[in-house]
1. Filter chain C for me: DSSP H helices, axial length by Cα at least 27 angstrom, mean Kyte-Doolittle hydropathy not below 0.0. List them by residue number.
2. Please compute the modelled spin-label separation between residue D:72 and residue D:184, points set 7 Å along Cα→Cβ, answer in nm with one decimal.
3. Counting only Cα, what are the radius of gyration and maximum Cα-Cα distance Dmax of the stretch D:129-205, in Å?
4. Return the calculated 222 nm mean residue ellipticity for chain D, to the nearest 500 deg cm²/dmol, obtained by summing -39500 (n - 2.57) across DSSP H runs with n ≥ 4 and dividing by the residue count.
5. Given the protein chains as shown and a 1.4 Å probe, how many square angstrom of residue B:194 are accessible, to the nearest 10?
6. Could you work out the mean count of beta carbons from other protein chains within 10 Å of each residue's beta carbon in A:87-99?
7. Starting from the Cα gyration tensor of the stretch B:104-249, take the square roots of the eigenvalues, sort them a ≥ b ≥ c, and report rounded, prolate or oblate (rounded when a/c is under 1.5, otherwise prolate if a/b is larger than b/c, else oblate).
8. Sticking with the crude label model, points 7 Å out along Cα→Cβ, report the distance from residue C:8 to residue A:92 in nm, one decimal please.
Amino acid sequence: MLEVDGVSASYGNVQILWNVSLNVKEGEIVTILGPNGAGKTTLVKTILGLLHPNSGSIKFFDKRIDKLPTYKIVDIGIVLVPEGREIFPKMTVYENLLLGAYTNAAEKNKDQSLETIFQIFPVLKERRKQLAQTLSGGEQQMLAIARGLMSKPKLLIMDEPSLGLAPMLVQKIFNSMREINEKGVTILLVEQNVHRALEIADRGYLLEAGKMVLSGDWNELLANEHVKKAYLGL
Amino acid sequence: MKTISNLRINLKVPRVYLPVLLLATCLPIPLFGFSSFFVFVLTVTFFNISYSSSWNLLAYSGQASFGHAAFLGIGGYTTAIFTIRTSIPWLGLLLGAMASAFAGILVGLTCVKLREWFLALVTLGFSIILVAFTRELDWLTGGVHGLAVPSLLPSVNHYYYGMLALTVFSIFIIYLILKSKTGLAFAAIRENELEAKATGIDVVKYKLLAFTISAFLAGLIGAFYAHFMAYINDQIYGLDYSFLPIIISVIGGIGTIEGPIIGSALLRFISEFLRIIEPWALKIDPVVILIYDKIEPLVMGVILVAVIILMPKGISPWLRKYLMPKR
Amino acid sequence: MPLEISLSTLVQIVIWGLINGCIYVLLASGLNLIFGVMKVVNFAHGEFMILGGYVSYWVSIYAGLNPYFSIFVSIGVIGIVGVLTERVCFRRVLGTSKLNEIVLSLGLIYVLQNAMSVLWTDKERQISSPFEFITVHFEIININMRLDLLIVIGVTVLIMAGFYILIKRTKIGRAIRATSQNRSAAMLMGINVEYMDMFSFGLGTALAATAGTLLAILFPALYPQAGAMPALKAFTIIVLGGLGSTIGAIVGGLAYGLAESSAIAILGGTWRDAIAFAILILVLVIRPTGLFGEKEA
Amino acid sequence: MTRPLLLSVEKVTKSFGGLIAVKNVDFQVEQKEIVGLVGPNGAGKSTLLKIINRFYRQDTGTIMFEGKDISRLNSHQVCRMGISGTAQIAQAFPDMTAIENVSIGVLFGKPGRTSVNEAKKKAVEVLRFVEFSENKMETLAKNLNIAELRRVQLAKALATDPKLLLLDEVTTGLGHLEGERAIEIIRKIRLRGTTILMVEHIMKVIMGLCDKVIVLDHGEKIAEGTPKEVANNEAVIRSYLGESSDCSK
């Protein structure tokens, strides 16, 4: 469903991505691994149109999307849960969720989506009238994911959802990811946490210094010496 | 490599001779028997150049004052009051400049930590507060009626040379500063304040220094201007005088030596052009006389907006980009 | 200076404070909205206010419309002018440098002020209201009041209520708030943020147009330069009330209106303009980011 | 065995609006030592570096440099005392040439008087030392690429004759080759006897370079030792690769 083909991208005159390719099929959980600064966040920003590639193409259901503005990309069903939560701090939890259903298609189903989401994250139902900035870090992350789900995405991209969270919460969030996937949402997961990411993913890619260096299914990757090397330099 | 360096040498020639040529053109003008109105107009142009240059120096350090008229006015009022009360000529100029420099330190102290729009507002605020004080202290300042300022020089030709000398002096001082260590510090603060701090620059000190020098020059120019105009009132603190150097410098090229000259020349050209075509305009519709003096600021406003949108760094850097090889 | 203030003077001060406050609330709310979404301070906001006043003035003269209804025409016209200004001028400069944004609005002040002068001269005008000579008598405090004053307060309350509902309760209002709180996250929600810029700028200037109309109904104060000072004061109000805070702009506007009218009564008209800036400087010396200021934009 | 102490960070804590970025961290840097500060993304490494060069003010704790308490000084003061460094996001003075950028460091970064011309000469020397390309000396910083910009930054820091050089992720965003070259240059700096405290998340970079490694995770120090010791430390591996909760899948 998503096809990134030979994409290079830069910030100003600083090139970050070099000829990166990957693909995601419907129903999968695919993960992009890589150490800090490898260009993972840049890659997802490029997919979402926050940054336009210098060369290469990005297709979604065989339609070119690399020249579209972000709001149109969201409209056709790709949603990003950004790194560092990026919620709207001075709005209530409920309003944050409504904003997730901003696109017309999503708005029609918002009541049903809300119900599903409150099922997955009951704590958000309790807190729906609170300002988002009063939530704890883990709850904010749940809100960010829930908000992403509100727009009924075909493809949900998550950028480091475990960042800065206690292990217990990480477990919770990864469990909910599986649940979301089972409900039919395809997931592209960007992670540093290799073990956990590979535990739930069908396949993975390894990004290093802006280049795609490896791809494969989870036990292949986990066994690969290169992964260890990239992270630990052993 | 070699051709590039050759080119650079060739292009350096006009950079050295242009100011000399400009000065050589300006020097004999009053001797040719032009009307005193023309000489007066040119003197005002020199005032525009030097006053805008003083503003531009401050902008060079990353601080855009929106109330520079405060310094102009403090210089003017100081010399006016001093000269009227003591009848000592000339000394007032220096006192005016010093009073203004002192005010510059005070304003600078309140401004060193402020973001751009706050800085704009606070500097503007100072000039507006000064209006209130000037009106309130009418025993000293003449209130709304203003003060007649004793003349220092016998004729408009003398003032012409005085203002020219002051302009050359200001530009030369600014040139020296920009070429010096201090100039580098100003530029560094403007470009990246945090980085400047981390590289060992005492940001507060240099920001204050910029305010002080700029205010000193503006005060000196304002003092001389007051004698030249022979009259001063609270309009000197007005928005028009505060915005003038911004318009001129931004159009000409902010942070460049030649920017204020280009901007002032353009302003003068527009107003002369409008003056020449005025009789025709009046022939077409005499009512135009009611609003004719609004056309010049309207045109300047349009140019300012166009310059910011089309060549955000001003005319001078734009010209340079096309005339000089890329570094 | 006689500091003995009778009850009726006190009531006068409060009434005029509220009336002035209404104008400031409308101006400050619009300015605040534009700042919140675009992070730009539109120093030419006052010129849009005066332009709005002129639109109402001519509409009420040529179409013979009741000036209170001509507000709606003015809102529409100035809203469109604002949208165009954003599209043609601000969008191209946005994000290049703060100084460019500030100077651009300075350029707009010159363009708008002098264009208005050229078109309509500097004559001071007033929109004549059909209720001009009707006064209402309040027995308890023994005071006569122009009916227009009450209507102006009423209109302001209505407009602000509408504005408040638009911002707090509607989908587009949510999108506006989202954009002002976190621009990139708003993009990720599928919000077209450039459209939000345009809409907020138009809405902000439309609020200013309302202020301009009300001002011109109350006073013979409709002339091209009349907007400069109120806009600067509106900006000090939002600095004090908290950049981006809707409630702050309302409370700050009313409080400032009251402060100004008491300052005039006590200190005299000379200090009218100086007061705002004296307060502003004092506050910024103590807190360089404003009273409730955001840390870094 | 022990060399004289240069920098001592004592019980430093810093939080940003409820989020604790650095928690009660203690460590020392001895003279002529290269110390690596490592840890996964968000561990608080850069924050700690910014506390040392006074971009941030710590909530509690003290920082001693050459026996003097610097916890209350400003950035420009500690720079003149001999602490200087590069930022993770390469920043510079964009509208100045490479030489001008570096000469700022010469002119202001250390006590003593230098003329502008001398400073520019010195700047060229330092730029050559970091192997900056000869024909880009007069290029404006905004027209340089990331690798070149990093060198300018490094040269600017070196131009202040630092006693302690702070480096923040020198290889991030660089290609493989450029990364290797950057490491070579750091080796060269070490030979001059400059003490270095470097933040790095890639262990590989740290391995051959550092005398001592300090590992942070969630703002806390979880390990300290030689690179070898640290790389085999159970807690460190966990923090990097993440723990596997169940291996059933």
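1. In chain C, the long hydrophobic H runs are C:7-38, C:98-120, C:147-169, C:193-218, C:246-267.
2. It works out to 4.8 nm between the two label points.
3. Just the Cα atoms of the stretch D:129-205 yield Rg and Dmax of 12.3, 35 Å.
4. That comes out to -10500 deg cm²/dmol.
5. 90
6. Average per residue, whole number: 4.
7. Since a/c reaches 1.5 but b/c is at least a/b, the shape of the stretch B:104-249 is classed as oblate.
8. Those two pseudo-labels are separated by 4.9 nm.
The values are calculated or read from the model by the stated rules, or taken from the named source; none is laboratory data. Everything numeric in this text was worked out from a predicted model, so none of it was measured. For neighbour counting, all protein chains shown are included, and Cβ atoms are generated from backbone atoms with ideal geometry for every residue, glycine included. Just the protein is used for accessible areas: all its heavy atoms, side chains included, with ligands, DNA and RNA removed. Shrake-Rupley method; radii C 1.70, N 1.55, O 1.52, S 1.80 Å.
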